[in-house]
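Read-outs throughout are calculated quantities, based only on the coordinates presented, and are distinct from any laboratory measurement. Bear in mind the structure is a predicted one, so any value in this text is a computation, not a measurement. Cβ sites come from the backbone with ideal geometry, for glycine too, and all protein chains shown count toward neighbours.
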Amino acid sequence: MKTFNRLLSYVKYRKFSYLIGILLLLISAALTIYAPIIGSRLINYVSLQTQEAEVIELNILVTFFVQYLGLIILSVAIGYGSFLILAFASNDISRIIRNEVHEHMQNLPISYFDDKPAAKISARIVNDTEVLRENFYQNFSTQVLLQVVQVVGTYVALILVSRPVGLTMLIMLPIFVLWQLGYMKMIQPLNHRWRESVSEMNSQTAEIVQGASIVQIFQRQESMADDFEKTNQEWLDSRRKTNYIDSTLTWNLSGFLKNTVTLLVMMYLGTLFTEGILGYSMGVLFILIDYVNRIFDPITMIVRLMTMFQQALVAGHRVFEMMDTPIEEDSERELIVKAGQVSFNKVNFGYKTGQTVLKDINFSVAQGETVGLVGHTGSGKSSIINLLFRFYDPQAGQILLDGQNIREYNRESVRDQMGIVLQEPYLFTGTIASNISMNDASITEEMIQDAINKVGARPMIDKLELGIHTPVVEKGQSLSSGERQLISFARTLASNPKILILDEATSHIDTETEEVIQHAMNVVKEGRTTFIIAHRLSTIQNADQIILLDQGMIKEHGNHQELLNLEGQYAEMFHMQAKAATV
Ligand SMILES: Nc1ncnc2c1ncn2[C@@H]1O[C@H](COP(=O)(O)OP(=O)(O)OP(=O)(O)O)[C@@H](O)[C@H]1O
């Protein structure tokens, strides 16, 4: 009920459209219910004139025809108008909900995404809102009233015209409803299987596309094709069974039931009529048969609407669950950093309660210093950066930028102080220029060109026909990894952050590119406090401080020479790497 009320509350955004649309629908329905009455007058006129051997006047005949046809055309035209109004309104509402949930998703804490597959999140934003549009806003909320009015209206009209026929048809009502419910019961699990297999095929395809090269390297094509075929068969099976049930129950059997009842009523009334027992005119007979025949469709529709409603409730529940996930409280205070001095003060942190990822982390970095973060995989290097960005807050201790506790300032202003170059830089769909300016209007084209020159990306840009306006698609897959890094360096330089984070920026590239990247790195580092997450210790030999993490704790801390003198883990790692490099 809560979900239903909440779904209904969105109608307020297009309440006039809904009001007018539903009103027009009802008028159109009333006209269709009224049409047989005109038809009956026509029939009565013709039969009376024939009985009394009078001339059938053409103009009277035409008048009845025009009235009858005019009514039908008017009803169709009004129905068309209302359909458009309501369809447009439901489109708008689903757009509003989709934007709302999308915006909310963007503000959710990073921890929300930790245990949720991307496909599941996007299904809520895209597919579930689509189900809401079709099932709830376009069908259920507009049709349910209309269909109920049609059923009740037709029954009332039937009873008014002929009480025995109307009451007999009332007895048929539960039989027909039960028939429809039985159909739904059979079809629902099949629909479920069908949707599951479609979603499974989606994720199987996404996995192959994302890891195309890995799939080929490990020659997994055949087994992945087998898995896909299995799901595809499952889809085929559920579709086939649905088609059987559909064609048998809805089209044939349901049509059979409808036609049989109509036929029986016709026979019964016809006998009474010809025997003269029934006082009805031919026209009334026509009305009765027409009403009996048309009463089935709205009943079928109501049962279907109920299923749509159930599906909409499930989709609505999922969408609202995401919308109701609390976003992190954020301070109004803007962090202003002039120097770029960073301190971690007795920081303890775990991603989940009870987990310890960082333990008693203490260090201080002066403005413009470079810090190398080293340690085995899983030792906590990235976690330190995650805390610096305020993706997470520590359970204990403080992180200070220029002496200010970042927890007391809003996240955006904290992140504004940071620039990051990842090992695999992320480029957004757009152009090279938009990837450097990040659509920040204060970064002019001149500044973009300047950043490109400074990081040494000019030769690379000059090779491109459209220069900085070259489109970037699919995360920049058509650019080399080194080129993507240069763009990323130019982006960082243009945004002019106080603190810089380099995530293994120089690994996996050839010596020539390494020189270019090293140059870019030196340019970007200048005057900024820099953290380098390095696996290759040769890249941080000149760092002012090196922090060696081991199982979330600082095990060694000093400059390169000091750590070598310690003859501990760092020295061991360094000698091993130096030896490997000379082999
Ligand atoms: N989102 C997360 N949720 C739960 N645990 C996490 C999460 N991210 C990292 N961890 C855990 O925290 C610990 C430290 O991970 P972290 O990524 O900081 O290590 P790292 O030193 O950067 O490793 P690598 O060099 O492999 O990138 C690991 O045990 C890891 O499993």
Taking a temperature of 4 °C and a viscosity of 1.567 mPa s, what whole-number D in µm²/s does Stokes-Einstein yield for the chain with Rh from Kirkwood over alpha carbon pairs?
-> 42
For the chain, what is the relative contact order in percent, using Cα pairs closer than 8 Å and at least 6 residues apart in sequence?
-> 14
Enter the angle in degrees (range 0 to 90, nearest 10) between the Cα long axis of helix 15-51 and the first principal axis of the Cα atoms of the chain, meaning the one along which they spread out most.
-> 20
Structure-based [θ]222 nm, the chain - -39500 (n - 2.57) summed over DSSP H runs of at least 4, per residue, nearest 500 | -20500 deg cm²/dmol
From the residues SER382, ILE187, LEU167, which one has its Cα farthest along the dipole of the chain in the positive direction, the dipole being from +1 and -1 charges on Cβ of Lys/Arg and Asp/Glu about the Cα centre?
-> LEU167
Cross-link partners among aspartates and glutamates for LYS346, C-alpha distance below 15 Å, same-chain residues fewer than 8 apart left out?
-> ASP360, ASP393
What does the convex hull of the Cα atoms of the range 157-305 come to per residue, in Å³, rounded to a whole number?
-> 110
Longest principal axis of the chain (C-alpha) makes with the long axis of helix 481-495 (C-alpha) an angle, in degrees to the nearest 10, of 90
Of all lysine pairs in the range 2-324 that are eight or more residues apart or on different chains, those with Cα atoms under 21 Å apart total 5
Of the convex hull enclosing the alpha-carbon atoms of the range 342-582, the direction-averaged projected area in nm² is 13.7
Cα point-scatterer Debye curve for the range 48-113, base-10 log of I(q)/I(0) at q = 0.22, 0.25, 0.27 Å⁻¹ = -0.94, -1.01, -1.05
Which FRET efficiency, nearest 0.05, do LEU160 and ASN127 yield, Cβ-Cβ r, R0 51 Å?
-> 0.65
The range 178-306 - charge dipole about Cα centre, Lys and Arg +1 at Cβ, Asp and Glu -1, debye rounded to 20 | 340
Beta carbons within 10 angstrom, averaged per residue: use that to sort the peptides 12-22, 531-541, 151-161, highest first.
-> 531-541, 151-161, 12-22
Shape of the range 285-391 from its Cα gyration tensor (a ≥ b ≥ c, root eigenvalues): rounded if a/c is under 1.5, otherwise prolate when a/b > b/c, or oblate?
-> prolate
Taking the dipole of the chain about the Cα centre (Lys, Arg +1; Asp, Glu -1; charges at Cβ), the one of ASN522, GLN49, GLN395 that reaches farthest to the positive side is GLN49
Gain on full stretching of the segment that runs from ASP227 to SER47 - 0.36 nm per residue minus C-alpha separation | 57.9 nm
Using per-residue counts of other Cβ atoms within 10 Å, averaged over each peptide, order 45-58, 343-356, 432-445 from highest down.
-> 432-445, 343-356, 45-58
Using unit Cβ charges (K, R positive; D, E negative) and no other charged atoms, how large, in debye to the nearest 20, is the dipole of the chain about its Cα centre?
-> 1880
State the volume of the convex hull built on the alpha-carbon positions of the range 2-324, expressed per residue in Å³ and rounded to an integer.
-> 171
At a Förster distance of 30 Å, what's the computed FRET efficiency of LEU58 paired with MET282, Cβ-Cβ distance as r, to 0.05?
-> 0.90
